Amino acid sequence: MGDLELLLPGEAEVLVQGLHSFQLREMGSEGWSKQHENLEKLNMQAILDATVSQAEPIQELLVTHGKVHHEASIINLLETVFFHKEVCESADDTVLDLVDYCHRKLILLVARKGGGDLSEEERFQDSTPMQELQKQAEMMEFEISLKALSVLRYITDCMDSLSLSTLNRMLTTHNLPCLLVELLEHSPWSRREGGKLQHFESGRWQTVAPSEHQKLNKLDGQVWIALYNLLLSPEARTRYCLTNFAKGQLLKLQAFLTDTLLDQLPNLADLKSFLAHLALVETQPPKKDLVLEQIPEIWDRLERENKGKWQAIAKHQLQHVFSLSEKDLRQQAQRWAETYRLDVLEAVAPERPRCAYCSAEASKRCSRCQKVWYCCRECQVKHWEKHGKTCVLAAQGDRAK
């Protein structure tokens with residue numbers, strides 16, 4: 001698996017074989033947390049394998065054992081392995097649940113309407129711990145939604161192997177082509193900050209140089225490729241119902257299909273021709289076939305198993321998950337420190353570490369916990385009020401190993 005290994009091949013197979021589902025009331029339990037750590041290890045190893053462009057055993061193991069809880073870890077792992085068509089094909093009927101999940105996340109992105117994230121000044125101003133957690137939760141939700149967009153695009157690469165129920169779900173129930181048009185219009189991964197254009201890339205907002213303004217960013221590219229697959233694949237063209245509303249929405253794409261864009265994605269010339277033809281014809285929906293609607297099995301099972309139990313589950317979680325003793329918190333911190341090895345994190349990081357206080361490129365690490373980076377001594381001193389308690393816990397966890 002390359003020079004730097006988090007898991008040996010045998011270890012990876014054991015972890016994949018051991019993956020299993022949990023009852024909703026068990027979320028956050030010791031067993032759930034242990035599986036979360038295993039998933040993080042598999043996720044990091046999959047990224048390491050993809051980074052060195054070699055064979056990807058994690059993806060192969062997931063397909064072989066049919067294993068494919070912890071939302072951020074799972075969506076990261078899915079984004080990595082769904083690049084390979086055989087993963088999507090092996091998912092069978094569970095793709096329907098995944099399509100529904102991605103649709104919900106895209107709805108959240110559209111609702112942001114370019115709101116993006118807080119400005120740097122707002123982000124680092126004094127805030128209470130609860131406000132800080134809320135900001136982190138919002139940022140995590142935003143990043144999860146962006147990864148769901150990538151997963152959905154990879155699913156559209158497999159239009160020829162998807163079931164009729166999944167195609168109907170994507171094209172009729174959710175009308176994904178129209179939703180993707182909305183995403184292109186609002187572009188929630190782009191914003192103006194201080195008069196400068198910024199794109200959300202590699203987990204943070206980055207200023208785009210004026211000479212790069214016309215360059216297609218990755219997320220816009222994912223939307224265009226998904227639209228191409230959903231509108232021009234043979235399976236979609238025979239099933240997508242081109243109503244007057246759909247026609248009006250799709251024709252908005254013509255304004256985006258500039259020569260500069262076509263130079264970067266030449267295949268979109270076919271989409272431009274399709275839209276030119278669509279503008280001239282009357283909307284005549286294709287003949288509707290009789291389709292037996294398939295129920296998303298994972299979502300349906302969760303609802304059936306927990307119907308009428310939601311309050312009891314909440315009380316159980318409050319008592320056993322959200323009321324941990326200081327000893328339990330220390331043990332949890334120690335397990336996380338063992339999971340997130342610094343050498344692996346640095347290898348999978350898309351760029352140089354950033355200062356925990358001002359987000360500038362950092363070269364110095366906290367000498368006590370070795371977990372947090374800073375660009376200078378001044379930033380470390382200013383950040384100590386927030387970092388101090390977690391620093392002490394992390395350092396004590398390392399000494400207890």
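The values are calculated or read from the model by the stated rules, or taken from the named source; none is laboratory data. Because the structure is predicted, anything quoted here is derived from the model rather than measured. Neighbour counts run over all protein chains shown; Cβ positions are idealised from the backbone, glycine included. Each accessible area value is taken on the protein alone, full model and side chains, heavy atoms only, with ligands, DNA and RNA left out. Shrake-Rupley method; radii C 1.70, N 1.55, O 1.52, S 1.80 Å.
Things worth noting here:
- Rough spin-label spacing in nm, given labels placed 7 Å along Cα→Cβ, for Trp384 and Ala276: 6.7
- Cβ-derived FRET efficiency at R0 35 Å, Asn306 paired with Thr128, nearest 0.05: 0.60
- Three-way shape call for segment 155-263 based on the alpha-carbon gyration tensor, with the a/c threshold at 1.5: prolate
- Probe 1.4 Å, all protein chains present, accessible-area order of Met27, Met130, largest first: Met130, Met27
- Between Ser161 and Glu361, the FRET efficiency from the beta-carbon distance, with R0 = 41 Å, is close to 0.40.
- Carbon and sulfur %, accessible surface of segment 207-260 computed with the full protein complex present, 1.4 Å: 56
- Per residue accessible area of segment 147-264, 1.4 Å probe, in Å²: 42
- Annotation: amide H-H contacts under 5 Å for Glu201 (H modelled 1.01 Å from N, sequence separation of 5 or more, or interchain): Gln206.
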